[in-house]
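Participant: One structure follows; several queries about it will come next.
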Amino acid sequence: MFKQLKAWAKALKRKIFVLYLAYKDPRVSWYAKVFAICVVAYAFSPIDLIPDFIPILGYLDDIILVPLGIKLALKMIPKDVVQDCDLKAQEMMTNGKPKNWIAGSIILAIWLIILIWIIQKVYFTFVK
């Protein structure tokens, strides 16, 4: 079972690289590029929408959202582009994944806004 899980994770990682490369391809429509780059940014982001330290929910976004986003994005991209990018992704996987600190910063800002809002609500409810 562990080998199957490891193979699934490796295939998922490869598909993320395919989306990353397809984003740069001029044959891909603008809306597919926007969706693909959002999926790639979230997958490569050092910060998750739901932090991993939250039991069960923290890993559900990685297990459900990322594969679902990849599947939808790949359906929007022409098959010939996916095939070309798949070959390039094979090479790219040996070099490591790019980091998207902008997407990570946006997700961190969202969490900070939520935290400030919660603190403000608690303060005005219990202190005042």
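The values are calculated or read from the model by the stated rules, or taken from the named source; none is laboratory data. As the structure is a prediction and not an experimental result, all values here were calculated from the model. Glycine gets a Cβ as well: all are built from the backbone with ideal geometry, and neighbour counts include every protein chain shown. Keep in mind that these areas ignore ligands, DNA and RNA; they rest on the heavy atoms of the full protein, side chains included. Shrake-Rupley method; radii C 1.70, N 1.55, O 1.52, S 1.80 Å.
Participant: With the condition kept exactly as written, say whether any residue in segment 77-91 is open to solvent by 60 Å² or more (accessible area, probe 1.4 Å), of a type outside the set (A, V, I, L, M, F, W, C) and modelled with pLDDT under 80.
Facilitator: Yes, segment 77-91 contains a residue that is open to solvent by 60 Å² or more (accessible area, probe 1.4 Å), of a type outside the set (A, V, I, L, M, F, W, C) and modelled with pLDDT under 80.
Participant: Would it be correct to say that LEU65 is open to solvent by 70 Å² or more (accessible area, probe 1.4 Å) and either at pLDDT below 85 or closer than 25 Å to LYS24 by Cβ (or both)?
Facilitator: Considered against the rule, which asks whether it is open to solvent by 70 Å² or more (accessible area, probe 1.4 Å) and either at pLDDT below 85 or closer than 25 Å to LYS24 by Cβ (or both), LEU65 comes out as yes.
Participant: Got at least one residue in segment 108-127 being surrounded by 13 or more Cβ atoms within 10 Å (Cβ to Cβ), among the small types (Gly, Ala, Ser) and modelled with pLDDT under 90?
Facilitator: No, the conditions are met nowhere in segment 108-127.
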